[in-house]
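K.L.:
I'd like to ask some things about the structure below.
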Amino acid sequence: MNSESYIRSIARSLAVLRVVNRAGSMSMMEIANAVGIPYPTACRIVYTLQEEGMLERESSRKHYRPTALVTSLSHGFQDHSNIVTLSRRHLEGLTEKHHWPVSLTTRVGQNMIVRDCTHALSPMALTNYRAGAAFPLVECASGHVMLAFADDQQRHRWLDAAENCDKGPDPLVLKTLRSDDFAESIRTLGYALRGANQFTDTPGRTSSMAVPIYLDGEVRAALTLVFFSVAMKPEVAVERYGADLKAAAAAISAALARQDGKRAARASKADVERPNLGVA
């Protein structure tokens, strides 16, 4: 991303809207700390979002919460993949067999968003994450899968955007993620590992392994298994769960391809059957 085209005020406003929407209700100081912006800046952004009807102040305390108008931002979004429905039985199967929580995530901006997960079904889950939880693209295993399997130009655009964020990653981390060795290693192994995750609600206590889910030769999502950091070494987790995790991701990819093929066939049939209303 060209730094000249990056509008920081918009990025900050969206970040405020995201953190408040995720938390449900926050004080002004909590908002400023969560986004990593000065308190006066947070005030200006929150008051602007209030004027636009996106946030409202609670009557009983100085906390701010999203309004119903926030839902209007998603009205134009169409998810044709039905990926959650196609993936659910595979997520449940992995958790039933191995007990650890498994999540399905897709990239949205600088985050990997949980589309579905089995934390509520797992006896080994430390946190009951739900659909909508967000994890930093540059820090989580699923994000590393997306970065590694994207083409080089796309990967660098995403990392440029991350660098321009107020709470951007460490320059050394960015340097590693930009390297060809980083991408080649994950592509060769077919998975990404992250030990002692720091971005979770229980920092350092869990590690994760993620594999890619494809459609039309492109990575569209990631399947991630989470395990206790102290329970086993990452290489042991790969040996125990890697094959099953890859098999589940391959099955989901195949189901997506079949669905996409059926959709294309229906569209083609509709085109053939559509009457020609042109003037001869």
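K.L.:
Relative to the present Cα-Cα distance, how much length would full extension add between CYS43 and ARG178 at 0.36 nm per residue of separation?
P.N.:
45.1 nm
K.L.:
Can you count the Lys pairs in the chain with C-alpha separation below 22 Å, eight or more apart or on different chains?
P.N.:
Lysine pairs meeting both conditions in the chain amount to 4.
K.L.:
What are the residues whose amide H is under 5 Å from the amide H of LEU215, where those residues sit 5 or more places off or on another chain and H is modelled from the backbone?
P.N.:
Sorted by chain and number, the residues that satisfy this are ARG220.
K.L.:
Something else: Output wanted: per-residue J couplings in Hz (rounded whole) for region 98-115, from phi through Karplus 6.51 cos²θ - 1.76 cosθ + 1.60, θ = phi - 60°, x for Gly and Pro.
P.N.:
Values, residue by residue: 10, 6, 6, x, 10, 10, 10, 10, 10, 7, 9, x, 9, 10, 9, 9, 6, 8 Hz.
K.L.:
Ok, one more. Would you order SER103, SER207 from fewest to most other beta-carbon atoms within 10 Å of each residue's own beta-carbon?
P.N.:
SER207, SER103
K.L.:
Amide H of MET112 versus every other amide H placed in the peptide plane: which residues, excluding those fewer than 5 positions away on the same chain, fall under 5 Å?
P.N.:
Amide H neighbours of MET112, under 5 Å, 5+ apart: PHE135, LEU137.
K.L.:
Helix-only mean residue ellipticity at 222 nm, the chain, DSSP H runs n ≥ 4 weighted -39,500 (n - 2.57), per residue, nearest 500. What is it?
P.N.:
-15500 deg cm²/dmol
K.L.:
Taking amide H positions as placed 1.01 Å from N in the peptide plane, with prolines and chain starts having none, which residues 5 or more places from THR67, or on another chain, fall under 5 Å of its amide H?
P.N.:
LEU55, GLU56
K.L.:
Let me ask something else about it. Using +1 on the beta carbon of Lys and Arg, -1 on that of Asp and Glu, and nothing else charged, what's the dipole of the chain about the Cα centre, debye to 20?
P.N.:
Dipole of the chain, to the nearest 20 debye: 580 debye.
K.L.:
Determine the gain in length on full extension of the stretch ASN128-GLN50; use 0.36 nm per residue of separation and subtract their C-alpha separation, reporting nm with one decimal.
P.N.:
Fully extending the segment from ASN128 to GLN50 adds 25.0 nm.
K.L.:
P(r) for the chain, please, calculated from all Cα pair distances in 10 Å bins and given in %.
P.N.:
6, 25, 30, 24, 11, 3, 1, 0
K.L.:
Right, something else. What list do you get for MET209, MET26 if you sort them by fewest beta carbons within 10 Å?
P.N.:
Lowest to highest Cβ neighbour count: MET26, MET209.
K.L.:
Same structure again: Quick check on the exposure proxy: order LEU245, LEU174 from fewest to most C-beta atoms within 10 angstrom.
P.N.:
Taking fewest neighbouring Cβ atoms as first place, the list is LEU174, LEU245.
K.L.:
How far is the Cα center of region 164-188 from the Cα center of region 21-44, in Å?
P.N.:
Cα centres, region 164-188 to region 21-44: 28 Å.
K.L.:
When the Cα atoms of region 184-241 are enclosed in a convex hull and the volume is divided per residue, what value in Å³ results?
P.N.:
Enclosed volume per residue, from the Cα hull, is 92 Å³.
K.L.:
Calculate the spin-label point distance for ASP201 paired with ARG157, positioning each point 7 Å from the Cα along the beta-carbon direction, and give it in nanometres.
P.N.:
Rounded to a tenth, the inter-label distance reads 3.4 nm.
Where a number appears in this text, it was derived from the coordinates with a stated rule and is not lab data. Keep in mind it's a predicted model, so treat the numbers as computed, not measured. Note that we place each Cβ from the backbone using ideal geometry, even for glycine, and neighbour counts take in every protein chain shown.
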